[in-house]
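> First the structure, then my questions, so here it is.
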Amino acid sequence: MLLLYNTLSRKKQTFKPQKRGVVSIYACGPTVYSAPHIGNMRTYLEQDVLKRALIRLGYKVNHVVNITDVGHLVGDANLGEDKVKLAAEREHKTARQVADFYTAEFERDISQLNILKPDVMPKATEHIREMLELIGHLESKGYLYSVPTGIYYDTSRFKNYGKLSAMSFAKLNKYLKAGARVERAAGIKNITDFAVWRLRERQSIDEMIWDSAWGEGFPGWHIECSAMSMKYLGETLDIHCGGIDHIPIHHTNEIAQSEAASGKKFVNYWVHSNFLTVDGKKMAKSIGNVYTIGDLIGKGFSPMAIRYLFISAHYRKKLNFTFDSLENVAKTLRGIYSFLQRLSEIKRAGAADPKFSKKVSSAKKEFFGEVDNDLNIPGALSAMHSLISEANRRIGNDRLTASEAKKVMAAMMEFDEVLGLEFERHSKPKEDLDERIKKLIEMREAARKEKNFKGADLIRDTLRQHYRIILEDTKDGVRWHREG
Ligand code: AMP
Ligand code: ZN
């Protein structure tokens, strides 16, 4: 049984999918106009923990993350130009080249962080037809009006507009005015109204313009998520995720569009994760306080240390990023990995002490109890560390038997189904590990002989990031040593 905090009801609820054993999850994906930063990655990591917790409970998870390659304007609402278009101009590339480049960066980042790949990653530019159909539907139901710049959704027509943010229509209007985030384009009726279709402008580029019954133009950002989520997961989703910044505008508008069109509840559980901050401020490109995964790897941190840091805070709490905290968790993780290695080397004969076996089962119970309580990973980690301390004490006194070690190892592997910290990879005796490292070095040598330097570098980076092995090319051949 999983308890999840639902933004819509503002309380923890027992999770129940519509169809027994199957869960549909939609998460707003990246806008592919620049390299994703670690703040974005925190959100995808929290979603990955949710997905893993559901899989562990036996659900089949259908997971969709869209790629926004058109329609996201510089202001989240109706302000400014398309982010991808601006990047194309800045980088002297086509919009497609920009979008493909940053989509690949996103995919590389999620794979490095051991985030399970979504089942579908639909691109907005490949779903214009579905968006136009949805717009047609909304028009026939009388929710739209047109102004010189585009086709707008009349938010005053949607009952309970703003229910997700718990703000009344008047309060949301006031919120948007205070933030001055919305352009008052000529003819717009309410400040909360938003474009579902924007008409071609003088500075538009052909590549990002499509024909439609309302004239040439491009879709609004919010219509993308409504159209793509409903296409792949049906009119009612079990879970919709995203960062908390999307509650008052983007997700509020997704609800208005989807529910107006289908007449059904759009999402049963809204799960929002809090921000990664720097010096208390949200990490954001516009503020310029961003790091990418590549930046941190370049400074010698492993992707698993980054993963550990982000999931060790509760997803609904802010997490302030510092290099000191990353340094600390990297050390903790190294400790866990060497603990796993030591466990795998225990050969002491003897039966398992029933008292210790009880400790293992109570640690497991506590760990998964915390996970199932709104994904309380900090609590789960403390249960895991208490088991590690107890086992380490027994190793120190030369009391841990091989059968006890096996039980602890099995528990650790179960924990890792949710944590995703690659425990398996580190659970081999040193000699086996050395064999694996030797094999990787041989593969690198072969790649270098074939002049496949990219492949060779990749193996060298893997050895450093995952095994903390540093290679040295000397005139007598390759030497290796373990980092510090
Ligand atoms: P974007 O590419 O800007 O649409 O953002 C992708 C995802 O990252 C969204 O779910 C955002 O809510 C989330 N996000 C953006 N900035 C941060 C941050 N500083 N911390 C956590 N999540 C963030
Ligand atoms: Zn979205």
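The values are calculated or read from the model by the stated rules, or taken from the named source; none is laboratory data. Not measured: the values here are computed from a predicted model. Every residue, glycine as well, gets a Cβ built from its backbone with ideal geometry; the counts of neighbours run over all protein chains shown. Note: areas computed on protein heavy atoms with side chains; ligands, DNA, RNA excluded. Shrake-Rupley method; radii C 1.70, N 1.55, O 1.52, S 1.80 Å.
> Scan segment 445-473 and report the pairs whose first residue is under 20 Å from Ile336 (Cα atoms) and charged (D, E, K, R) and whose second residue is open to solvent by 30 Å² or more (accessible area, probe 1.4 Å) and not in a strand (DSSP E or B), with Cβ atoms within less than 7 Å and a gap of 6+ or a chain change.
Arg468/Glu483
> Taking segment 266-304, which residues are more than 13 Å from ligand 1 (Cβ to nearest atom), in a loop (DSSP other than H, G, I, E, B) and open to solvent by less than 30 Å² (accessible area, probe 1.4 Å)?
Phe266, Phe301, Ser302
> OK, next. Quick one: count up the residues across segment 58-73 that are surrounded by 14 or more Cβ atoms within 10 Å (Cβ to Cβ) and without any contact (Cβ under 8 Å) to a residue 60 or more places away in the chain.
Final tally of qualifying residues: 6.
> State the number of residues belonging to segment 10-52 that are in a strand (DSSP E or B) and free of Cβ contacts under 8 Å to residues at least 12 places away in the same chain. Let's see the steps before the verdict.
Of segment 10-52, the ones in a strand (DSSP E or B) are 11-14, 19, 22-27, 31.
Remaining after also requiring free of Cβ contacts under 8 Å to residues at least 12 places away in the same chain: 11, 19.
Number satisfying all stated conditions: 2.
> Looking at (1) over 25 Å from Thr236 (Cβ atoms); (2) within 15 Å of ligand 2 (Cβ to nearest atom); (3) in contact with a Lys or Arg (Cβ under 9 Å, 6 or more places away or on another chain), which one does Asn40 not meet, given that it meets all the others?
Asn40 satisfies all of (1) over 25 Å from Thr236 (Cβ atoms); (2) within 15 Å of ligand 2 (Cβ to nearest atom); (3) in contact with a Lys or Arg (Cβ under 9 Å, 6 or more places away or on another chain) except (3).
> Given the conditions (1) closer than 29 Å to Leu296 by Cα; (2) at pLDDT below 95; (3) open to solvent by less than 40 Å² (accessible area, probe 1.4 Å), and given that Glu422 satisfies all but one, which numbered condition is not satisfied?
(2)
> Name the one entry in Arg307, Arg316 that is under 16 Å from the mean Cα position of the chain (by Cα), among the charged types (D, E, K, R) and part of a loop (DSSP other than H, G, I, E, B).
Values: Arg307 fails: part of a loop (DSSP other than H, G, I, E, B).
When all the criteria are applied, what remains is Arg316.
> Answer with yes or no whether Thr252 is modelled with pLDDT of 95 or more and more than 16 Å from ligand 2 (Cβ to nearest atom).
Values: modelled with pLDDT of 95 or more: yes; more than 16 Å from ligand 2 (Cβ to nearest atom): no.
Here the answer is no, as Thr252 does not meet what is asked.
> Mind checking whether some residue in segment 229-249 is out of contact with any Lys or Arg (no Cβ under 9 Å at 6 or more places or on another chain), free of Cβ contacts under 8 Å to residues at least 12 places away in the same chain, more than 21 Å from Pro148 (Cα to Cα) and open to solvent by less than 60 Å² (accessible area, probe 1.4 Å)?
No, segment 229-249 contains no residue that is out of contact with any Lys or Arg (no Cβ under 9 Å at 6 or more places or on another chain), free of Cβ contacts under 8 Å to residues at least 12 places away in the same chain, more than 21 Å from Pro148 (Cα to Cα) and open to solvent by less than 60 Å² (accessible area, probe 1.4 Å).
> Among residues belonging to segment 228-255 that are hydroxyl-bearing (Ser, Thr, Tyr) and in a helix (DSSP H, G or I), point out the one that is farthest from ligand 1 (Cβ to nearest atom).
So in segment 228-255, the residues hydroxyl-bearing (Ser, Thr, Tyr) come out as 229, 232, 236, 252.
Going one step further and asking which of them are in a helix (DSSP H, G or I), we end up with 229, 232, 252.
Details: Ser229: 14, Tyr232: 18, Thr252: 14 Å.
Applying the filter and picking the extreme gives Tyr232.
> Might you check whether a residue that is more than 16 Å from Gly220 (Cβ to Cβ), within 11 Å of ligand 1 (Cβ to nearest atom) and out of contact with any strand residue (DSSP E or B) (no Cβ under 9 Å at 6 or more places or on another chain) occurs anywhere in segment 74-82?
Within segment 74-82 (the criterion being more than 16 Å from Gly220 (Cβ to Cβ), within 11 Å of ligand 1 (Cβ to nearest atom) and out of contact with any strand residue (DSSP E or B) (no Cβ under 9 Å at 6 or more places or on another chain)), the answer is no, since none of the residues qualifies.
> Hey, among the residues in segment 31-54 that are of a type outside the set (Gly, Ala, Ser), modelled with pLDDT under 95 and open to solvent by 20 Å² or more (accessible area, probe 1.4 Å), which one's farthest from ligand 1 (Cβ to nearest atom)?
In this case the residue turns out to be Tyr33.
> Check whether at least one residue in segment 58-66 is among the basic types (Lys, Arg) and either within 13 Å of ligand 1 (Cβ to nearest atom) or assigned to a helix (DSSP H, G or I) (or both), and report yes or no.
Within segment 58-66, none of the residues are among the basic types (Lys, Arg) and either within 13 Å of ligand 1 (Cβ to nearest atom) or assigned to a helix (DSSP H, G or I) (or both).
> Right, something else. Being within 27 Å of Lys85 (Cα to Cα), open to solvent by less than 10 Å² (accessible area, probe 1.4 Å) and in a loop (DSSP other than H, G, I, E, B), is that true of even one residue in segment 150-165?
Scanning segment 150-165, I find no residue that is within 27 Å of Lys85 (Cα to Cα), open to solvent by less than 10 Å² (accessible area, probe 1.4 Å) and in a loop (DSSP other than H, G, I, E, B), so the answer is no.
> If you don't mind, there's one more thing I want to ask. On the basis of being among the hydroxyl-bearing types (Ser, Thr, Tyr), within 16 Å of ligand 2 (Cβ to nearest atom), touching a helix residue (DSSP H, G or I) at 6+ places or on another chain (Cβ under 7 Å) and farther than 28 Å from Ala313 by Cα, does Tyr33 make the cut?
Details: among the hydroxyl-bearing types (Ser, Thr, Tyr): yes; within 16 Å of ligand 2 (Cβ to nearest atom): yes; touching a helix residue (DSSP H, G or I) at 6+ places or on another chain (Cβ under 7 Å): yes; farther than 28 Å from Ala313 by Cα: yes.
Judged against the criteria, Tyr33 is a match.
> Applying the selection to segment 370-401, what residues are in a helix (DSSP H, G or I) and open to solvent by 40 Å² or more (accessible area, probe 1.4 Å)? Walk me through how you get there before you give the answer.
Step one: filter segment 370-401 for residues in a helix (DSSP H, G or I), giving 370-372, 377-396.
Within segment 370-401, Glu370, Pro378, Ser382, His385, Ser386, Ser389, Glu390, Asn392, Arg393, Gly396 qualify.
> Let me spell it out: the conditions are (1) out of contact with any helix residue (DSSP H, G or I) (no Cβ under 6 Å at 6 or more places or on another chain); (2) within 14 Å of ligand 1 (Cβ to nearest atom); (3) open to solvent by 20 Å² or more (accessible area, probe 1.4 Å), and Phe321 meets all of them except one. Which number is the exception?
(3)
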